[in-house]
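Working notes, beginning with the structure itself.
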Amino acid sequence: MCETTLEIHLPNLRHNYQFLRKQLAPDTKLLAVVKAFAYGSDAIAVAQCLAEQGVDYFGVAYVHEGVQLRKAGITKPILVLHPQAPNLKTLIEYKLEPGLYSQRIFDAFLTALKQTKHEHYPIHLKFNTGLNRLGFLPEQVTELVSQVKQNSKQLQLKGVYSHLAASDDLKEDAFTKEQLSKFATIAAQIKTTYPKALFHLLNTSGVMHYSSAQYDMVRTGISLYGYGNAPEVDRALKPVLTLKTVISQIHFLTKGASLGYNRAFVASRATRTATLPIGHADGIGRIFGNGKGFVWIHGHKAPLLGNVCMDMIMVDVTDIDCQEGDEVLVIGADASAESLANAVGTISYELITGLSQRIQRRIID
Ligand SMILES: *Cc1c(COP(=O)(O)O)cnc(C)c1O
């Protein structure tokens, strides 16, 4: 008997990793982004699998995500993309590499580092080339290089990076090219002093559309998990996540009967419904309710009826031959997270990272 399960298919992860490798020059390093539980999957299982594949680097958003990987025995370099001042001591303790993005965090890091005996501690400098989210400004390059030099006993400039705002949107090509050009200027300036630093700019869609700007390393997340922000890329990738559930119970509604909280659905015909053990507490938000979202039963599309509950959804199976106990596919190879996300105006990233920790994970290898 099945229940709600999120399968993590490691062979598909390996396939996606190898596909990405083929898009890169042989000496370009690959940083696997495993933030947010490896995009809703299982950060440890994913990191261990990719480490065996020979991935060069890992990236996480926050310090505690890096700590979790270290505690699981991951020894590859780990870049923390968004370190917070209160966690810098922990970051150093676990040999994580900070992406320093402002003078405040740079100073806080140096202060924390000087309380230890570390020398030549690897850091990355993050530049804002147009996303306007995190990062030093290009005008600060000279000043920063001199600060790093002044502290050359403590600091090793291991990397320099920026992040693209619209690499998936070719309508914004001119804007992206401006970002590429700003980063090229920054890289050229820094290279005169630090020729060995790793320069890195591209995310998944950057690799697909602006591959000539791969520099020394790329940072890919979503494509490793099987989604490429473009149908032609999606076809080359294999989804790592399969979200399955089961029909708990079947109900028959006569015309005029209502279903679920606030009676949001009222049957306009005799309707057969299936109740499934997955709800908004699992990451299937209320936005999917009332006909917007859907699941797949024996290959047939079954739309959600009424409001999404915390622990359950109800779907329309009037025209589907199915019974209690049958398997239901929510996300998987024939049920793309991208299409389900698009049906409610969001993206694969939000849907998969939102799959809550309540759902049992099962590693398939
Ligand atoms: C999340 C993130 C990535 C990965 O982006 P994908 O589109 O998932 O490949 C890369 N770089 C930074 C700075 C990020 O925050």
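The values are calculated or read from the model by the stated rules, or taken from the named source; none is laboratory data. Treat the numbers as computed from the prediction; the structure is a model and nothing was measured. So basically every Cβ, Gly included, is an ideal-geometry build from the backbone, and we count neighbours across all protein chains shown. Calculation scope for accessible area: heavy atoms of the full protein, side chains included, ligands and nucleic acids excluded. Shrake-Rupley method; radii C 1.70, N 1.55, O 1.52, S 1.80 Å.
Structure summary
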| read-out | value |
| --- | --- |
| Violating pairs (Cα-Cα greater than 18 angstrom) within the set Lys149/Lys191; Lys29/Lys177; Lys22/Lys238; Lys126/Lys191; Lys29/Lys158; Lys76/Lys158 | Lys29/Lys177 |
| Contour minus Cα-Cα distance for Gln189 and Arg104 (0.36 nm per residue) | 28.3 nm |
| The range 319-361 - Rg and Dmax from Cα coordinates, angstrom | 12.6, 33 |
| Most mobile listed residue (Glu232, Glu97, Glu178) in the chain, GNM with C-alpha springs under 10 Å | Glu232 |
| Tilt relative to the chain, helix 103-114 - C-alpha long axis, 0 to 90 degrees, to 10 | 70 degrees |
| 19 Å tail of the calculated P(r), the range 241-364, as % of Cα pairs | 43 percent |
| DSSP beta bridge pairing in the chain, given as percent antiparallel to the nearest 5 | 45 percent |
| Charge tally in the Cβ shell below 11 Å around Gln156, where Lys, Arg are +1 and Asp, Glu are -1, Gln156 excluded | +1 |
| Full-stretch length increase - Ser146, Gln84 - with 0.36 nm per residue and alpha-carbon distance subtracted | 20.0 nm |
| When the convex hull of its Cα atoms is projected in every direction, mean area for the range 1-50 (nm²) | 4.3 nm² |
| Within the range 104-159, GluC sites (Glu not before Pro) in DSSP loop having at most 13 other beta-carbon neighbours inside 10 Å | Glu119 |
| Translational D in µm²/s for the chain (Stokes-Einstein at 37 °C, 0.692 mPa s, Kirkwood Rh from C-alpha pairs) | 148 µm²/s |
| Overall form of the range 10-227 per C-alpha gyration tensor (a/c, 1.5; a/b vs b/c) | oblate |
| Most mobile listed residue (Gly40, Gly135, Gly73) in the chain, GNM with C-alpha springs under 10 Å | Gly73 |
| Viscosity 1.306 mPa s, temperature 10 °C, Stokes-Einstein D of the range 158-294 from Kirkwood C-alpha radius, µm²/s | 82 µm²/s |
| Candidates Arg235, Arg269, Arg70: whichever shows maximal mean-square fluctuation once the chain is modelled as a Gaussian network with Cα springs under 10 Å | Arg269 |
| Accessible area expressed per residue, the range 106-174, with surrounding protein chains retained (probe 1.4 Å, Å²) | 50 Å² |
| Crossing angle, helix 141-150 versus the chain [Cα axis fit, 0-90 degrees, rounded to tens] | 70 degrees |
| Rounded to 10°, Cα long-axis angle of helix 10-23 versus longest principal axis of the chain | 50 degrees |
| Structure-based [θ]222 nm, the chain - -39500 (n - 2.57) summed over DSSP H runs of at least 4, per residue, nearest 500 | -9000 deg cm²/dmol |
| Positive minus negative residues near Ile278 (Lys, Arg vs Asp, Glu; Cβ under 10 Å) | -1 |
| Relative contact order (%) - criterion: Cα under 8 Å, at least six apart; region: the chain | 19 percent |
| Whole-Å semi-axes of the ellipsoid equivalent to the range 1-115 (Cα gyration tensor, √5λ, descending) | 29, 18, 11 |
| Local net charge near Lys255, Cβ-Cβ under 13 Å (Lys/Arg +1, Asp/Glu -1) | +2 |
| Accessible area in square angstrom per residue, the range 241-364, 1.4 angstrom probe | 47 Å² |
| Whole-percent carbon and sulfur share, accessible surface of the chain, 1.4 Å | 51 percent |
